[in-house]
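First up is the structure itself, then whatever we jot down about it.
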Amino acid sequence: MAVPRELAPTRKSLLGGLFRARESGIVLALVVLVAFTATQNPRFLSGQSIRDILLGTAILAVLAVGQAVVMITRNIDLSVGSVLGLSAFAVGTLLRGNPGLPVVVALLAGLAVGAVCGLVNGAVVRFGQVPALVVTLGTLYAFRGVSYFWAGGQQINADQLPGSFLGFGDSAVLGVPWLVLIAVVVMVVAGVVLRNYRGGRELYAMGSSPQAARLAGIKVGRNTTVAFLVSGALAGLAGVLFAARFGTVDAAAGTGYELNVVAAAVVGGVAVFGGSGSVWGASLGALLLTVIGSALAVLDINQFWQQAIVGALILLAIGADRLVAVRVAQALKKKDSHV
Amino acid sequence: MSDAVVPRGRPAWLSRLASWDAAVILVTIVVLLVASGVVDNFGTGRNYTFLLLDLLPIALIALPMTFIIVTGEIDLSVASTLGLTSAVMGSLWNAGLTIESIIPISIVLGAILGAVNGFFVTMLKLPSLAVTIGTMALYRGLAFVVLGDGAVADFPRAYTSWVTGTLGGGPIPNVLVPLAVLAVVFGVVLHATPIGRAVFAAGASEQAARFAGVRTGRLKFWLYVVCGAMSGLAGVLWTLRYSSARADNGFGMELAVVAAVLLGGVSIFGGKGTLPGVLAGVVLLAGLQNALRLQDVSNEALNIVTGVLLIVSVLLPNIVSSARAALRRRRRRSPSPDPGALAGIEQ
């Protein structure tokens, strides 16, 4: 269906390529939105407001990077919100019991919880030969159920968490908050692996045509499991960031996040039918959604509009994606067949 | 998916009995019987009434959802459509319209919301999964825009008490009558008319169906319209049953609907399934939840049950069919099957 951008007509210049890049639309939308909101209310560009946007984006972007990895392989992971909640509660419980634990251990624990959940998704999708949509729709409820079962209505509050952990959610290195730093590292690592390494290219190949990938000797089953593992682990990491930022965790943490995450990836140009998209795009999508959220608040518009806008954006993005695909297909048809 | 092939030498009725949907119907009956005997208060008329009222909206939406999934598409926006119609009902009631005009408006609104899905899926040829994830957010968001997080509760007594009332004071709710009529209509259309055959054909192979003269696009468009209208109707009944129009009504119900349909033996890949199986799936899911709730199992733990059932319902048929295929290969082969050859057949 969707044509990978890498196959799009050859770039004539850097500027032309930049202009054609799918991400440029989001950047444009971002600039317009920020400029408009700032003229209405200059407070929107204050340090605190920008910091809040960046912290919100960091959590969403970590999730969106994982989602992009899965969606590129023509799968989807709807369970990420529940994995985030489970991991946040697990890490909160761990730290409440052992206040002396260093932050790194919390991060690793969250990654591990998420990785186990991702492994469950990946194994069922791989060995059951069933669509990821159904599997992760099921685990979306199953993992959330486990959280509720475990938490049983109790809540972990900031005063029960060690100061070092809360400080990690608050503090910054050289002016850049830790959370943002981690998100950037995740994004760069995933982006480079997807773009430049064999394993990453294999994921695109699988998404473009699973059969062709199989015939080309790509271990589709193993790669699928790895993709879900990555998505789960990153959702687990996001759970730690969530706990550190908000300090309050209950069983409902991250409910409904899956929608924003899928929206961020789709709006960022990751095709639902696989084979196309980038983690940069997904992260930009996360930034756009977060900015929309805070712009609505600043502009004093009913927050209820936010979800409707998210839905409209998804429709707009997949519509635009379709348009690009049709255009590229036409362009390829017109050109010589040696492309 | 070669399990449709009936092995030679086995009577048709036997293989029919061994099919997934027949098994689900059987399991459903067993679960209901066992629960009536074992679970306190399950076997009472009052509880059966609640059980039937609970499964009503899911069943209403599962009927058209069966058609849509059989064609190989999906609609995740149904619960949001239910919420939006409920919210609109509330605001129209606040605006002073009569309930007699609000009800048809709500159902037509549902049909329009379905038509929007159908437009994106069939005219713009976008993947239904992505489209309905989008409209799921859009419709739910609009529901909150229309009604905020408040509730409208003062619907006329005559209507709310009819919806919660039962036939002659027995255990059968009044609203089961229209549901039964609709179920028969949908069943006949799916299994005994050219429309039903076109639905199966479109799901088995869209291209082949088109070559055979089925207008698959038009067919799917109308399926989405019908699904929207039924979701609207479910929204009306939900609102009247609880006498409460809220924007978050039916939140998360798309899972229950999809789970029930798949549990009933409809293949998520399209082209396969029966309506009796789906209705059994609806009853099984609702019955299990009802029984567990009576055992004081929390709502949240029920989520695990629903989620796991959903996964099992797609996993088990696959395992069974691949086990059957392996058995058939083994029978055809010499006594010792070559493990290397078997491994290569994993598609």
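Determine the sum of side-chain charges near A:GLY169: Lys and Arg each +1, Asp and Glu each -1, restricted to other residues whose C-beta is under 15 angstrom from that of A:GLY169. Result for the neighbourhood of A:GLY169: -1. Peptide B:314-324 has a mean shielding of 3, counted as Cβ atoms of other protein chains within 10 Å of each residue's Cβ.
The stretch between A:ASP52 and A:PHE127, if pulled fully straight at 0.36 nm per residue, gains 22.8 nm over its current Cα-Cα span. Under the Kirkwood approximation applied to all pairs of distinct alpha-carbon atoms, what is the hydrodynamic radius of chain A in Å? Taking every pair of different Cα atoms in chain A, averaging 1/r and inverting gives 20.6 Å. Based on the convex hull around the alpha carbon atoms, the range A:181-234 presents an average projected area of 3.7 nm².
Once both labels are positioned 7 Å from their Cα atoms along Cα-to-Cβ, the gap between A:LEU30 and A:VAL189 label points is 2.2 nm.
The Rg/Rh ratio of the range A:218-297, with both radii computed over alpha carbons and Rh defined as the Kirkwood radius, is 1.02.
Direction-averaged projected area, Cα convex hull, the range B:159-310: 10.6 nm², rounded to one decimal.
If the viscosity is 0.890 mPa s and the temperature 25 °C, what Stokes-Einstein diffusion coefficient in µm²/s follows for the range A:59-172 when Rh is the Kirkwood radius over Cα pairs? D = 161 µm²/s. Each Lys and Arg adds +1 at its Cβ and each Asp and Glu adds -1 at its Cβ; summed about the Cα centre, the protein assembly as shown shows a dipole of about 2760 debye.
For the range A:256-339, the average shadow cast by the Cα convex hull is 6.5 nm², which is a quarter of the hull's surface. Extension gain, B:THR98-B:ASP154: 0.36 nm per intervening residue step, less the Cα-Cα distance, totals 18.9 nm. Tell me which of B:ILE103, B:VAL199, B:GLY150 sits at the most positive position along the dipole axis of chain B, charges placed on C-beta atoms (Lys, Arg +1; Asp, Glu -1). Final value for the positive-end residue is B:VAL199. Give the angle, between 0 and 90 degrees and rounded to the nearest 10, that separates the Cα long axis of helix A:305-334 from the longest principal axis of the Cα atoms of chain A. With both axes taken from Cα atoms, the answer is about 20 degrees.
Using every pair of separate Cα atoms, the Kirkwood estimate puts the hydrodynamic radius of the protein assembly as shown at 26.6 angstrom.
Our analysis of the range B:246-331 gives Rg over Rh at 1.08, with the two radii drawn from alpha carbon positions and Rh computed by the Kirkwood formula. The GNM of chain A, with springs linking C-alpha atoms under 10 angstrom apart, assigns the highest mean-square fluctuation among A:VAL220, A:VAL279, A:VAL104 to A:VAL104. Dimensions of chain B based on its C-alpha atoms, expressed as ranges along the principal axes with the largest first, amount to 77, 53, 35 Å. A straight chain from B:GLN295 to B:ARG332 at 0.36 nm per residue would run longer than the Cα-Cα distance by 8.4 nm.
Among A:312-319, A:192-199, A:130-137, sorting by the average number of other beta carbon atoms lying within 10 angstrom of each residue, highest first, gives A:130-137, A:312-319, A:192-199.
If you take the Cα centroid of the range A:261-339 and the Cα centroid of the range A:129-196, the two points sit 23 Å apart. Phi-derived couplings, Karplus 6.51 cos²θ - 1.76 cosθ + 1.60 at θ = phi - 60°, listed residue by residue for the range B:306-314: 4, x, 5, 4, 4, 5, 4, 5, 8 Hz, with x used for Gly and Pro. Shielding value for B:117-129 is 3, the average number of Cβ atoms from other chains within 10 Å of each residue's Cβ.
Beyond 13 Å, the tail of the calculated P(r) for the range B:222-292 holds 73 percent of the Cα pairs. Quick check: the distance between the Cα centres of the range B:295-327 and the range B:239-280, to the nearest angstrom? The distance from the Cα centre of the range B:295-327 to that of the range B:239-280 comes to 16 Å. For the peptide A:299-306, the mean number of other protein chain Cβ atoms found within 10 angstrom of a residue's Cβ is 3. Packing, as the average of other Cβ atoms within 10 Å across residues, places the peptides A:75-87, A:32-44 in the order A:75-87, A:32-44, highest first. Taking Cβ atoms as reference points and 14 Å as the exclusive limit, the residues near B:SER80 contribute a net charge of -1, counting Lys and Arg as +1 and Asp and Glu as -1.
No lab work stands behind these numbers, since they all come straight from the coordinates. Quantities reported herein were computed from a predicted structural model and do not represent experimental measurements. Positions of Cβ are generated from backbone atoms using ideal geometry, with glycine treated the same way; all protein chains shown enter the neighbour counts.
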